[in-house]
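The values are calculated or read from the model by the stated rules, or taken from the named source; none is laboratory data. All of these numbers come straight from a predicted model, not from anything done at the bench. Here the Cβ is made from the backbone with ideal geometry for all residues, glycine too, and neighbour counts use every protein chain on show.
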Amino acid sequence: MNSEIIEPTGRLTGQIEVPGDKSISHRVLMLASLADGESTIYGLSKGQDVQHTMEILSSLGAQLNETESDTLLIQGGGLKEPTEKLYVGNSGTSIRLMSGMLAGLPFSATIDGDESIRKRPMDRIIEPLERMGSTISCLESTGMAPFRIDGGGLEGIEYQMKVPSAQVKGCLMFAGLFAKGDTTVIEITPTRAHTEELFEEVGLEVDTTSTSVTVKPGQPKPFIHKVKGDPSQAAFWAVGATILKGSEVCIKNVYIGRERTGFIDVLLRMGADIKLDPVTNDLNVESSELIGTVIEETEIPGLIDEVPILAVAAACAEGETYFKGLGELRVKESNRLETIVSEIGSMGLKAEISGDDLVIQGGKLTGGQVDSHGDHRIAMSCAIAALVSTGPTEISGWDAVATSYPSFIADLDALRK
Ligand code: S3P
């Protein structure tokens, strides 16, 4: 485990291109591997999570060929039984989406991940996949990875999700491509719609209503896709530029879509100065004073990955910020409800957990010694908090950042030069 020391800084200025969207990267890779022919993808996320998805698809027989640093050609179709265990590392999106696809393919595969993945709930996908007719055997603990999937023979179902989760919805939609009949997923609260958007883009039949999505069996057509910048990574610079006086940052070509940019709405409500250019999808951010707000439970799926960095914004705001219904944060890469309070807390954040709610009082951040708990978003949120702190911050377990944003420090150095 390595550590990184971040010194306070004056302001952030300049232009930045954040990495390609991680959620979209996983999905386009899987769809290209299922398509019969050659697809071209530009601008994939270069994080380890997406690397794991690429390695798994290679083990299943897809041919991935990186022609330039930004361009990947994939020859898909004819996926086959892997000879080795499939390993997702730290990636919850890989294990959950891939399980849907494997449940549909007519062979057996065993899937596993790192220590954190082995603690995250998989019953939320195992239960509906079994209802579709899949056989899934957990090899160590019930409802957890590692597990073996004996694929094939699926029937479409209608399934009402128990938690708002785009990973569960996406898993069942991938399984639905192989099922007999239609598969309908009903959402209690809307979640990110990447699977729906991309299925339509590659010629698959999808019917969406405000509360449900129905998929018909089918095979994607080969396609060309340019992955836009990841809004979850843009959020770090949007908050950094907002809280550091005199900052002016342009974040280029960010993906803007349903249930992905809730953090912008919250920051605007708090008084941030963020302007979206609707033609280029650039986000132009200038520093401003923030005031506390209330974030309702129904808003959470639209900013689920941005709560740690919004906690940093709340720390710099006047008054109280109240986040409602953060239960799902307990089962992310770390127990984020706890790690926000313990880690940003050791930098001076005044935060309290009340049931599944989080209450933050604005105040001064001091810096200090923190730990990522193997969680990239906790590490990067602490790094942004460090910039406005009165002293330096040492972040141990910094290597976790490589799961999604290996060039974070290079981008930070470019903006604070
Ligand atoms: C993701 C969905 C969210 C999010 C994760 C990526 C996706 O997870 O936290 O980082 O790509 O579908 P849940 O579906 O578990 O909320």
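Of note:
- Per-region count, segment 212-241, residues within 30 Å of residue 296 (Cβ to Cβ) and touching a strand residue (DSSP E or B) at 6+ places or on another chain (Cβ under 6 Å): 10
- Positions within segment 171-192 being in a loop (DSSP other than H, G, I, E, B), closer than 18 Å to residue 328 by Cβ and touching a strand residue (DSSP E or B) at 6+ places or on another chain (Cβ under 8 Å), in sequence order: 187, 188
- For segment 58-70, a residue qualifies if it is surrounded by fewer than 15 Cβ atoms within 10 Å (Cβ to Cβ) and either out of contact with any Gly (no Cβ under 9 Å at 6 or more places or on another chain) or of a type in the set (Ser, Thr, Tyr) (or both), and the qualifying residues are 58, 65, 66, 67, 68, 69.
- When segment 147-196 is filtered for residues that are over 14 Å from residue 215 (Cα atoms), within 12 Å of the ligand (Cβ to nearest atom) and touching a Leu at 6+ places or on another chain (Cβ under 7 Å), only 167 remains.
- Going through (1) in contact (Cβ under 8 Å) with a residue 60 or more places away in the chain; (2) of a type outside the set (Phe, Trp, Tyr); (3) surrounded by fewer than 23 Cβ atoms within 10 Å (Cβ to Cβ) one by one, residue 140 falls short only on (1).
- Top-ranked residue of segment 71-102 - restricted to ones that are farther than 24 Å from residue 226 by Cα and of a type in the set (Ser, Thr, Tyr), ranked as farthest from the ligand (Cβ to nearest atom): 83
- Residue check, residue 297 surrounded by fewer than 21 Cβ atoms within 10 Å (Cβ to Cβ), more than 13 Å from the chain's Cα centre (by Cα) and away from the ligand (no atom under 16 Å from the Cβ): no
- Any chance residue 303 is away from the ligand (no atom under 16 Å from the Cβ), under 18 Å from residue 240 (Cα atoms) and either modelled with pLDDT of 95 or more or over 21 Å from the mean Cα position of the chain (by Cα) (or both): no
- Scoring residue 242 on the criteria (1) away from the ligand (no atom under 16 Å from the Cβ); (2) in contact (Cβ under 8 Å) with a residue 40 or more places away in the chain; (3) crowded, with 16+ Cβ neighbours inside 10 Å; (4) not in a helix (DSSP H, G or I) leaves a single failure, condition (4).
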